[in-house]
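Novice: The structure that follows is given in the form of structure tokens.
Bear in mind these aren't lab numbers, they're just calculated from the coordinates by the rules spelled out. Just so it is clear, the model here is predicted, and its values are computed rather than measured. Glycine also receives a Cβ, built like all others from the backbone with ideal geometry; neighbour counts cover every protein chain displayed.
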């Protein structure tokens, strides 16, 4: 968005700040980071340096995020003045190499999440598509498979209300069928990783979306929030499938499943920061003590979630053999709580004029996107995990029962 960007205090040198890095990630990821502190160029906190490697990327104040500049002004629910439709921007970013991110658990998870936060800060519908593409690439590479060059990917895994994809048959002669809900990018993506229930455990199909027998329901998303992500219900009509990705249960059984869930929380953090950017611009012109108090509350929330996600990324990189399930759940819960606070507080700070000028659309996007968190159901699972936690990092959990909710990710919950 045009105008000043919220950057927080910028004082932490112990680990990378996602919000500061979200403004300075810049060019595509070009390989492993080089030596030096991640937060070089930021004011010192007086704390000892962590010795974490440098991103090798510029860190001069708050430079561009590397995304195309966007015009100011509302465009309806779905983006902060984006000149291109999110699916078209995704194609542009893919061509430019901007969707190439470090894989989670490979020493630069914080930088990966900083880019996700940057996209969320600019446009949540765009971030929804970009997160889906980058998650699909990570899943494929974790399985030892390369994505089809030049293809925009999604991950379609929802099993809401008895729906969901199913595979019948056997190796080399599978048949894919079923209705999958909440398929973001359905009209425009070239490929999707479809997670389907199958004998012995769920399987992944790398599906060419130009095939016959794929029916998209254009009227299945009627909400204003996240409308520009083109999230539709899709019917798969008995599609022959020769190959599947990974062993049974691979999708949910790998550590990266949980890391990806925390990556979504980074997008939520970016969306919240984008709204605070708008409030900051407004309050610089005029603010009363009540508005300042509420803005201070939002600042504290952003800093806390930023720090928690940074710590979680560090833990994943330090022990990539573990799922870090409880840490991922905790980060998601904290980010969801922050977003609910923003949704409550921002309208009171901004007033009707700002809401009517486009802020209400951004709030609608955030309110819809953050409902990938399942509220008290996920919190109950988190509480149970904390009470029963024995080993830091935890073992990777077993494949869930088909149709059973998986707290923290939406493969078997409401949406993906």
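Novice: Label the range 153-251 by shape, choosing from rounded, prolate and oblate, from the square roots a ≥ b ≥ c of the eigenvalues of the Cα gyration tensor; if a/c is under 1.5 it is rounded, and otherwise prolate applies when a/b is larger than b/c, oblate when it is not.
Specialist: On the way: a/c = 1.99, a/b = 1.75, b/c = 1.13.
Taking the square roots of the gyration eigenvalues as a ≥ b ≥ c, the range 153-251 is prolate.
Novice: Something else now. Run the quick spin-label model on residue 377 and residue 356: label points 7 Å from Cα toward the beta carbon, then report their separation in nm to one decimal.
Specialist: 3.9 nm
Novice: For a Förster distance of 30 Å, can you work out the FRET efficiency between the beta-carbons of residue 148 and residue 321, rounded to the nearest 0.05?
Specialist: 0.55
Novice: Another question, if that's okay. What's the exposure ranking of 124, 355, 94, going from fewest to most Cβ atoms within 10 Å?
Specialist: Final ranking by Cβ density, sparse to dense: 355, 94, 124.
Novice: Another question, then. Subtract the Cα-Cα distance of residue 166 and residue 100 from 0.36 nm times their separation in residues, and report this length gain in nm to one decimal.
Specialist: 20.7 nm
Novice: Just subtract the alpha-carbon distance of residue 177 and residue 84 from 0.36 nm times their residue separation and send over the number in nm, one decimal.
Specialist: Stretched fully, the residue 177-residue 84 segment lengthens by 30.2 nm.
Novice: Also: Nearest-5 percent of antiparallel DSSP beta bridges in the range 153-251?
Specialist: Rounded to the nearest five, the antiparallel share is 80 percent.
Novice: So if we plug the beta-carbon distance of residue 243 and residue 219 into 1/(1 + (r/R0)^6) with R0 = 41 Å, what FRET efficiency do we get, rounded to 0.05? If you can, show how the numbers build up before the last one.
Specialist: On the way: r = 33 Å, r/R0 = 0.81.
Efficiency at R0 = 41 Å is approximately 0.80.
Novice: If you don't mind, another one. Hey, quick one: spin label on residue 211, modelled 7 Å out along Cα-Cβ, who in the range 180-202 has an amide N within reach, i.e. under 16 Å?
Specialist: Zone members listed by number: 180, 189-198.
Novice: Let me ask another. According to the square roots a ≥ b ≥ c of the eigenvalues of the Cα gyration tensor, what is the shape class of the range 197-316, taking rounded for a/c under 1.5, prolate for a/b larger than b/c otherwise, and oblate for the remainder?
Specialist: Verdict is oblate for the range 197-316.
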